[in-house]
Amino acid sequence: MKLVYLHGVGDGDADYGWLSALNDGLVAQGLTAVDEVDVIAPSYSDILSSPDANAAVPKPTAQGEKADVSSERAKFLNRQIEAARAVGADPSVQSIGFPLLDLDPSHAALGGLAKALPNKLFANEIHQIEAYVYQKGMRGAVLQRVLSQLPERGEVVIVGHSLGSVVTVDLITRLPQDIVVRRVVTIGSPANTALFAASRRELIGNFPYKSTNSWLNFFSPRDPVTRARGLAGVFADVQDFRVDIGAAGHGSKSYLRNTAVARAVGTAFHQSSRTPRRTTRVTTALTDDVAALILELHFRYAVRDSINDKKVSARYSEAIRIKRADLVAQVWDADANGIPLPRELHQLAEGDTPKIPDHWTVGGLIEQLTILALSDLIAPFEIDIDDAAFKALPQITEKAGQSTSFGFELRSIVRVFNESITKMTKPGANWGRIAFAAAGVAVIAIAPYSLIALAPAGAAGAAALTGGLAALGPGGMVGGLAAIGGIASTGAAITTAAAVGGRGERGQLNSGQLLLATAVAYAQKSLGHEFDDAIWLRASAAAAELSAQINTVEAISDSKSRSLSALISERDLAQNLITFMEANNLTPAATPQLALE
């Protein structure tokens, strides 16, 4: 295992001050320092200062595998997320984009940019970067120098600072084929698309997804060379982080002493020395929401097995892996904070998949599975899986202790409901939380049991993570919200959906929740089980409330107002659901059926 350091302009920090700064950052966090004997730090400052440097640019060794690139990139994304999660637990670092929450542009940390040192003080830095990029002879000489000092095989972590990050862009596709890059860490990289024009197309076309585990880029909003921008706008496969390195500056020591940067390097470099973790095993009773999470996990796998297209199935598998890793990361965090968890979550954290518990009545299981079949279970990813969620029902009902024939019956019922809903849809209608896949499958854009799994790990999601996992204690999330949800029978899943999707001021369920509740009632009634006939009253109340809101705003608002269109769509769906319930005898027993002429 070797740490490869690619320096910026100047003498290349020949006294290894960058390594001392890195080790300061590692030791401060209780991580092992990197020994100088394990470092490869090629010096090419003499080439950068020589206008006569001339050598051929080495040919790329990485060749993009067109047939397999989608699957390999999906796996790479999963590794990126895991790397970002390990680094992003520090409140001083802001991860840009998925999977952690972005920093608001108005955040005070960006205010220092206006006070940054003038770019002219870094004129030599930028001049040498431009010389490297645009003078092929110099570029070739630097790359050949670096490659001559690398091993032919083995694992490396590459750290590229400033100009060294530009060298990294060229190097990554030219490494010996038996080298595996455990992580690329770039710091203080110039975020100017034009500077990367010579390498961008080549890197994108030949990115070595199989041999590169992750690439994390760190920039300070007060670094004049980065111009407060990362690399994601230039390279889609890079995960950016904003870090605070103090006063306006650009030095590698300031970056590498930062705890987040040091952790990014150290956790990758010492990865092989890690021992498998075990939870504290402090347990509590299984709660409704945890049982639902386990069922959802199994349902995702059943959906994956029901997808006919192998490429689609591979991408769906990676989405599942990412969602599961998010949940596991939060379980570990809760365990570290001493929160008692159900035994099944301990199993999940340690790599096992808990069995579907015998937790529901038959009517309750119908509710759970109906909602799962109509929900987007891999948000924020969008993958057209056709009707695989419907096809998965017989497989999952058998795993849950019911017969496959029961699963086929439920599948048929859910299909009928779905067809009825799609027939109600006006061409071009925007139903907000409801999307329609290519096969006409209605997909609710709230995953009812993924409240916890969707909360990102790391500093940006720390509050949501702590709050969400605290709900896994005795009584669980659903138990505490039952009164708010207000569904009298087996409404636990719908209650959870209400918690995720939000409610109106007077407790009305929104359009997506009404649709789910109606689907559940229809499935339960069709299979001879009790159902919540108060859904009709809720839909009626929602339609009346929405109509009143529309009447209030439409006289003054623009006719094509987006907010008005959204209100109309919500009202139309509520009215259509009322019609469906009345046609299928899902109204309260005391409600008179009026014959309208």
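Miscellaneous remarks
- Where helices (runs of 4 or more DSSP H) fall entirely within region 237-321, those with at least 2 residues that are of a type in the set (A, V, I, L, M) and surrounded by 19 or more Cβ atoms within 10 Å (Cβ to Cβ) are at 259-269, 288-305.
- Region 173-192, subset within 20 Å of Glu152 (Cβ to Cβ) and free of Cβ contacts under 8 Å to residues at least 60 places away in the same chain, residue surrounded by the fewest Cβ atoms within 10 Å (Cβ to Cβ): Asp178
- Within region 353-404, if we keep just the residues that are in a loop (DSSP other than H, G, I, E, B) and of a type in the set (D, E, K, R), the residue that is surrounded by the most Cβ atoms within 10 Å (Cβ to Cβ) turns out to be Asp376.
- Restricting Ile129, Ile158 to those that are modelled with pLDDT of 90 or more and of a type outside the set (S, T, N, Q) reduces the list to Ile158.
- Where Ala33 falls short, out of the listed (1) touching a residue at least 24 places away in the same chain (Cβ under 8 Å); (2) hydrophobic (A, V, I, L, M, F, W, C); (3) part of a loop (DSSP other than H, G, I, E, B): (1)
The values are calculated or read from the model by the stated rules, or taken from the named source; none is laboratory data. Just so it is clear, the structure is predicted and the values come from calculations on it, not from any experiment. Positions of Cβ are backbone-derived with ideal geometry, glycine not excepted, and every protein chain shown enters the neighbour counts.
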